[in-house]
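The structure under discussion appears below in the form of structure tokens.
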Amino acid sequence: NLGWRAPGWNGEDTYKLEVLDGILSNGFSSRLFQRLRDERGIGYTNGSFFDSFGDEGFFLIYADGFDPKRFEEAKEVILNELEDLKVNLVTDRELRKTKNLLISQYSDSLESLEFRANNILVRELDNEPYDFRKTSDYVEEITKEDVRYAAQRYLTDQYTLTALVPEGFKV
């Protein structure tokens with residue numbers, strides 16, 4: 001796991017990070033799945049995860065189920081992918097695909113009364129000016145430049161690395 005501090009739902013970059021998360025790990029054509037699993041055969045599962053708690057949040061990238069001898073290679077592949085996102089803009093196709101998938105997943109979850117109630121509860125407890133009914137609009141506003149900005153600002157060299165490794169393995 002590589003983890004970074006990120007803003008909470010009150011931050012202006014929340015949806016930029018949601019879309020960045022989607023580009024990295026949403027579906028079989030996501031960047032992490034392609035680079036780690038398809039191209040290198042590293043890891044059984046991999047992905048990223050963005051979550052927040054009021055004013056604070058975190059962004060996590062993970063890979064598991066691989067030969068520990070490939071630890072440094074896995075880390076290098078992940079960091080290289082992040083560097084690419086910091087330097088280059090994502091393609092129009094990649095951004096559109098990610099937005100469509102995020103909006104579709106979100107629309108499906110809105111069918112759950114429990115999901116809606118939990119969203120209202122969490123936002124009320126955190127005193128957040130968030131209207132879950134407008135999530136699709138917020139996602140649609142994100143640009144390629146926003147994705148690059150989020151990668152540059154939040155996925156820096158200042159991360160925490162955690163690893164569950166075999167006894168005697170040196171990280």
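Residue-level check: of (1) touching a residue at least 60 places away in the same chain (Cβ under 8 Å); (2) more than 27 Å from residue 68 (Cβ to Cβ), residue 3 misses just (2).
Kindly indicate the residue of the stretch 128-167 that is of a type in the set (Phe, Trp, Tyr), assigned to a helix (DSSP H, G or I) and modelled with pLDDT of 95 or more and also nearest to residue 50 (Cα to Cα) among those meeting that condition. Among them, the one singled out is 154. Among the residues of the stretch 138-155, those that are out of contact with any Leu (no Cβ under 9 Å at 6 or more places or on another chain) and open to solvent by less than 90 Å² (accessible area, probe 1.4 Å) comprise 138, 140, 149.
Among the residues here, residue 170 qualifies as in a loop (DSSP other than H, G, I, E, B), modelled with pLDDT under 95 and surrounded by fewer than 16 Cβ atoms within 10 Å (Cβ to Cβ). Residue 72: over 15 Å from the mean Cα position of the chain (by Cα), without any contact (Cβ under 8 Å) to a residue 12 or more places away in the chain and not in a helix (DSSP H, G or I), yes or no? The answer is no for residue 72. Would you please name the residue that is nearest to residue 65 (Cα to Cα), looking only at residues in the stretch 17-54 that are of a type outside the set (A, V, I, L, M), within 10 Å of the chain's Cα centre (by Cα) and open to solvent by less than 20 Å² (accessible area, probe 1.4 Å)? Once the filter is applied, the top-ranked residue is 47. Report yes if residue 107 is of a type in the set (S, T, N, Q) and modelled with pLDDT under 90, otherwise no. Yes: the conditions hold for residue 107. Evaluate the stretch 28-49: report whether one residue or more is in contact (Cβ under 8 Å) with a residue 40 or more places away in the chain and farther than 17 Å from residue 84 by Cβ. Within the stretch 28-49, not a single residue is in contact (Cβ under 8 Å) with a residue 40 or more places away in the chain and farther than 17 Å from residue 84 by Cβ.
What is the number of the single condition among (1) more than 26 Å from residue 134 (Cβ to Cβ); (2) β-branched (Val, Ile, Thr); (3) in a loop (DSSP other than H, G, I, E, B) that residue 61 does not meet? Every condition holds for residue 61 apart from (3). Per the listing 74, 117, the residue uniquely open to solvent by less than 70 Å² (accessible area, probe 1.4 Å) and either of a type in the set (Val, Ile, Thr) or modelled with pLDDT under 90 (or both) is 117.
Inspect the stretch 57-71 for any residue being closer than 19 Å to residue 145 by Cβ, open to solvent by 20 Å² or more (accessible area, probe 1.4 Å) and among the basic types (Lys, Arg) and give the result as yes or no.
So in the stretch 57-71, the residues closer than 19 Å to residue 145 by Cβ come out as 59.
Now narrow it down to the ones that are open to solvent by 20 Å² or more (accessible area, probe 1.4 Å): none.
Scanning the stretch 57-71 turns up no residue that is closer than 19 Å to residue 145 by Cβ, open to solvent by 20 Å² or more (accessible area, probe 1.4 Å) and among the basic types (Lys, Arg).
Remark: pairs (first residue in the stretch 81-101, open to solvent by less than 20 Å² (accessible area, probe 1.4 Å); second residue basic (Lys, Arg); Cβ separation under 8 Å; 6+ apart in sequence or on different chains) = 81/31; 81/35; 85/31; 85/148; 90/144; 90/148; 95/144.
The values are calculated or read from the model by the stated rules, or taken from the named source; none is laboratory data. Quantities reported herein were computed from a predicted structural model and do not represent experimental measurements. Please note: Cβ atoms are built from the backbone with ideal geometry, for glycine as well, and neighbour counts cover all protein chains shown. The accessibility values were calculated without ligands, DNA or RNA, using every heavy atom of the protein model including side chains. Shrake-Rupley method; radii C 1.70, N 1.55, O 1.52, S 1.80 Å.
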